[in-house]
Structure formats: C-alpha cells, structure tokens
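Below: the structure, in structure tokens.
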Amino acid sequence: MAKILVLDDDAILNKNIGLALQTAGYTVLSAATIAEAEALYADADLLLLDVMLPDGNGVEFCRRIRAYCEVPILFLTSNDDEADIIKGLESGGDDYITKPFRLRELLSRIGANLRRCAVTPPTALPELTAVEQKLLEYLMWNKGRYLTREQILAFLWDSKGCFVNDNTLSVHISRLRDKLKTADCGRIITKRGLGYQWTDST
C-alpha cells in the first residue's frame, strides 16, 4: 500500500486530495509546512509538493532532499509559467500539475509515476493488456489487503479518457485470473463485501 505525502497549506485542498487518495487505496500523510513535511517524507512512496508555502519553497525543499530521497516527486502549482515548471523539474521533480486540476487527473499522474518504481509483475505471465498490467500492479502494491471495486476503478481511470467501468471490471479480473493460473505465480482472492486481494503462490 503506497504512502503519499501531501504538502499544501490550503487546508481544504489538502483534505480533498487526501480523501481522494484514501478512496483510491493509498495511505495519506498530510503536512501544511515544510517543517511538518521534514518529519514525514522519509516514510512516503511519493511526494505531492505545493510550491509556495508558509515557511519556504517546495522547489527548494525538493532540491534539498533529492540527494537522499529517490521517490517520485510531483509539484502542485498555480503558476503554469514555463520557466517555473522547468525550475521545478530541474530541482529533481518528476512531474507537475497546475491548479485547479481534476482529482482523477491527479490520480492518473500519481499512478503513472508510482508504476515507474513499482513491483515487477512475474515474467512467466502471458502478455498482459494495459488494463491488466495496471490492475495486477495495483493489487501487488497492496498485497494482503482487500481493495474494493470503487478503489480499483478510481485507480484504473485514465486521464486520456480510456477508463474501465464497473460492468467490465469483472471481465478484466477474470481474464487476469486465467493468465495467472498458467504462470502459477500468485492469485486474486475475492471476498464478498470486502473486495479483491493479491496473494503470492505458496
């Protein structure tokens, strides 16, 4: 289960982002200042940093910690000036998203950056579709934890408009299960009322 640090001094925005991330299955660490973030970032798998903060600048914070912190860093900024964006990326940031933004777009950006350092699906598996790949990675990140259909659907949403709806999710899970059987590398458990869980083969 990936942990995401949200550093933003806008209390309402911080809360709304946190709720969206929790619904998608992430654990959220919230901070309103750089001082608070200093005590939390080491436990995070991804950082969401506002640029302008009460006690400093998110870009400088990124530059300072990047030398010993390799997790993905995304900037949340209300300034879409190209020079500022480049400055953020050159400081060690991996991506940026300008305010205001759609929460689903944010989730998609987060998922894409986490996948770059995600667990590697078993090599013995038959070729997976893009949706099956994302589904398997999400389940593997959360090994031992049940994920609801709502959490899975929120994660699989694609900012380009290619999304999985509730009617087809069962089909994707069924096809993925069939492929997992041929590789004998793990399986997806279903528990009524709880959702789906990944477990390694024993």
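Readers should treat all values here as calculations from the given coordinates under stated rules, not as data from a laboratory. Everything numeric here is computed off the predicted structure, so don't read it as measured data. For neighbour counting, all protein chains shown are included, and Cβ atoms are generated from backbone atoms with ideal geometry for every residue, glycine included.
Got the relative contact order for region 3-115 handy, in percent, Cα pairs under 8 Å and 6 or more residues apart? Show your work: numbers first, answer last.
Working: 175 pairs, mean separation 26.4, N = 113.
Computed value for region 3-115: 23 percent relative contact order.
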Check which residues have an amide H placed less than 5 Å from I73's amide H, if you skip close sequence neighbours.
L47, D94, D95
Quick query: amide H of V28 versus all other amide H atoms, modeled in the peptide plane; which residues come in under 5 Å with a sequence gap of 5 or more or a different chain?
I4
What size of dipole, in debye to the nearest 20, comes out for the chain about its Cα centre when the only charges are +1 on Lys and Arg C-beta atoms and -1 on Asp and Glu C-beta atoms?
1180 debye
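Within 15 Å, Cβ to Cβ, of D45, how many net charges do the neighbouring residues add up to if Lys/Arg are +1 and Asp/Glu are -1?
Working: positive: K3, R109, R115, R116, K143, R145; negative: D43, E70, D94, D95, E137.
Net local charge, D45 excluded: +1.
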Placed amide H near N57: partners under 5 Å, 5+ positions off or other chain
none
Treating the beta-carbon of each Lys and Arg as +1 and of each Asp and Glu as -1, no other charges, what is the dipole magnitude of region 130-200 about its Cα centre, to the nearest 20 debye?
180 debye
Of A32, L106, N57, which is farthest on the positive side of the dipole of region 1-107, counting Cα position, with +1 on Lys and Arg Cβ, -1 on Asp and Glu Cβ, and the Cα centre as origin?
L106
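For the cross-link pairs K143/K191; K15/K143; K15/K99; K143/K179, which exceed 24 Å when the distance is taken from alpha carbon to alpha carbon?
Values: K143/K191 14 Å; K15/K143 26 Å; K15/K99 15 Å; K143/K179 18 Å.
Those over the limit are K15/K143.
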So what are the ³J(HN,Hα) numbers for region 140-156, from phi and the Karplus equation (6.51, -1.76, 1.60; θ = phi - 60°), rounded to whole Hz, Gly and Pro as x?
5, 4, 9, 3, x, 10, 7, 10, 6, 4, 5, 5, 5, 4, 5, 6, 6
Among G193, Y138, Q151 - extreme Cα towards positive end, dipole of region 130-200, charges at beta-carbon
G193
Can you work out ³J(HN,Hα) from phi for every residue in region 21-29, in order, using Karplus 6.51 cos²θ - 1.76 cosθ + 1.60 and θ = phi - 60°, giving whole Hz and x for Gly and Pro?
5, 5, 4, 7, x, 8, 8, 10, 10
